[in-house]
Amino acid sequence: MKNKILVTGGAGYIGSHTCIALHEAGYGIVVYDNLSNSSREAINRVSMLIGQPIDFIEGDIRDAELLKKVFNAHHFYGVIHFAGLKAVGESVSKPLMYYNNNVNGTITLLEVMDEHNIKNLIFSSSATVYGDPEILPIDEKSPRSCTNPYGQSKLAVEYILEDIAVSDENWNLICLRYFNPVGAHPSGRIGEDPNDIPNNLMPYISQVAVGKLEKLSIFGHDYPTVDGTGVRDFIHVTDLAQGHVAALNYLKQQTDLQKFSSDRTNAIQKKSVGFLPINLGTGKGTSVLELVNTFSKETGKKIAYQFIDRRAGDIASCYGSADKAKTLLGWHAELSIADMCRDTWRWQSMNPDGYNAKN
Ligand code: NAD
Ligand code: UFG
């Protein structure tokens, strides 16, 4: 029988790509999403790509009663928890909304999991928990600190997960810290579909390329980096999706070992996974200008840009060590910056209005 996974936030950008990777890896999926930042069309497209209907529940992770019904109706192996709000700027003006959604929502989910004795979880954390790092590349032992409510909400959930792992050794909690996810499925059918004007670099570039926005503003030209612009660890969303499959396979292997050892009284007791933070990045930094130039080269589209002041809260450079993911999960990112640009452009040019378009 297939292991069934509850995917919260599975209609969103990273969740939708991960659903495809999970299906291809032989996992069963049930998507739970309140569609606050996604659409049914994303679910339709994923169904089309995997060639079968998706088990989809429209619901909020803060709705304990609905979650309980879902946990009673299915036997889940575990949960991949993407559901959350993610706009840094919005979190500064609406902190309560962010803490309520991201922290309270996760607590509700964990309580329902606990009640149903489902204790295997993969959580979407972020490189933002590292704040302004002193040492690059950033490894998982680097100190954590955040300056905005979005980041604080991720950090708060990390602390909660650490505490519950200490309180009960049956929890197996992998905390994936993503760097900068970009790109789209190679089919061009699913991708990132931001509401309004994008805050993030890659969707902004692609909307300039497709003619929806006039020019890119590059925030800062005086950072201590290769060309004065910010440096980030861009990672293709399909690589990221594979990272989740690798994390789930690892969890499965570990929980099978735990079961095996508890079935044999004399066997050496295998330890639970506990709280396990893992970076998902490429290990390489790319500057804003390098990304803009690669996008132009790969797509033949000229990207108009201007330099303006630094954006408040931005750091100069952020890229992670990918060693732990390689050693523990046997996973590493395979796709290049050129792949990320080409796939972003295929999605953007096939869907200039995102999921709203009738195509
Ligand atoms: P997204 O907004 O595309 O997906 C999140 C999904 O969660 C959306 O479909 C949204 O409708 C759903 N959702 C939000 N609140 C919910 C709630 N209360 N109940 C049910 N569903 C809810 O974002 P994404 O880029 O796919 O990010 C997925 C996760 O990864 C988020 O937790 C985000 O914070 C984290 N993350 C994203 C990035 C990034 O740059 N994209 C980087 C680091 C971490
Ligand atoms: N940038 C511009 N112009 C833009 C947008 C961005 O120059 O219009 C620059 C930024 O100044 C930065 C780089 O492009 O140097 C990347 O910016 P993004 O907004 O794309 O990404 P961030 O690194 O600021 O943050 C992203 C997510 C966060 C997440 C973080 C680490 O938005 O949620 O990556 O994972 F926490």
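Worth pointing out:
- Each of Phe260 and Asp63 was given a label point 7 Å from its Cα along the Cα-to-Cβ line. The distance between the two points is 4.1 nm.
- Relative contact order (%) - criterion: Cα under 8 Å, at least six apart; region: the chain: 19
- Counted residue by residue at 0.36 nm each, then reduced by the alpha carbon distance between them, the extension gain from Ser187 to Asp323 reaches 46.0 nm.
- For the peptides 149-156, 271-278, 187-194, the ranking by packing is 149-156, 187-194, 271-278, with the highest mean count of neighbouring Cβ atoms within 10 Å listed first.
- Stretch gain in nm, segment Glu90-Asp168, where the contour uses 0.36 nm per residue and the Cα spacing is subtracted: 24.6 nm
- Take every Cα pair under 8 Å whose residues are at least 6 apart in sequence, average their separation, divide by the length of the stretch 192-283, and the relative contact order is 18 percent.
- Over all directions, the projected convex hull of the C-alpha atoms in the stretch 4-356 averages 17.3 nm² in area.
- For the chain, the share of DSSP beta bridges that are antiparallel, to the nearest 5, is 5%.
- Modelled label reach - Ser336, point 7 Å along Cα→Cβ, the stretch 223-243 residues with backbone N closer than 15 Å: 236
- Above-threshold pairs, the threshold being 28 Å between Cα atoms, out of Lys2/Lys141; Lys4/Lys94; Lys86/Lys324; Lys4/Lys86; Lys86/Lys141; Lys259/Lys324: Lys2/Lys141; Lys4/Lys94
- Value of [θ]222 nm, deg cm²/dmol, for the chain, DSSP H segments ≥ 4, -39500 (n - 2.57) each, nearest 500: -11500 deg cm²/dmol
- The residues neighbouring Lys86, those whose beta-carbon lies less than 15 Å from its own, together hold a net charge of -2 under the Lys/Arg +1, Asp/Glu -1 convention.
- Think of each Lys and Arg Cβ as +1 and each Asp and Glu Cβ as -1; about the Cα centre, that makes the dipole of the stretch 4-356 roughly 480 debye.
- Both the radius of gyration and Dmax for the stretch 108-224 are 18.5, 54 Å, in that order, over alpha-carbon atoms.
- The amide H of Cys318, built 1.01 Å from its N in the peptide plane, has Val231, Arg232, Asp233 as neighbours under 5 Å, considering only residues 5 or more places off or on other chains.
- For Leu66, the shell of other residues with beta-carbons less than 10 Å away shows a net charge of -1, using +1 for Lys and Arg and -1 for Asp and Glu.
- Rounded FRET efficiency, nearest 0.05, which uses the C-beta distance separating Arg311 from Asp114 and R0 of 41 Å: 0.55
Coordinate-derived values only; no laboratory data. Worth saying up front: this structure is predicted, and the values here are computed from it rather than measured. Please note: Cβ atoms are built from the backbone with ideal geometry, for glycine as well, and neighbour counts cover all protein chains shown.
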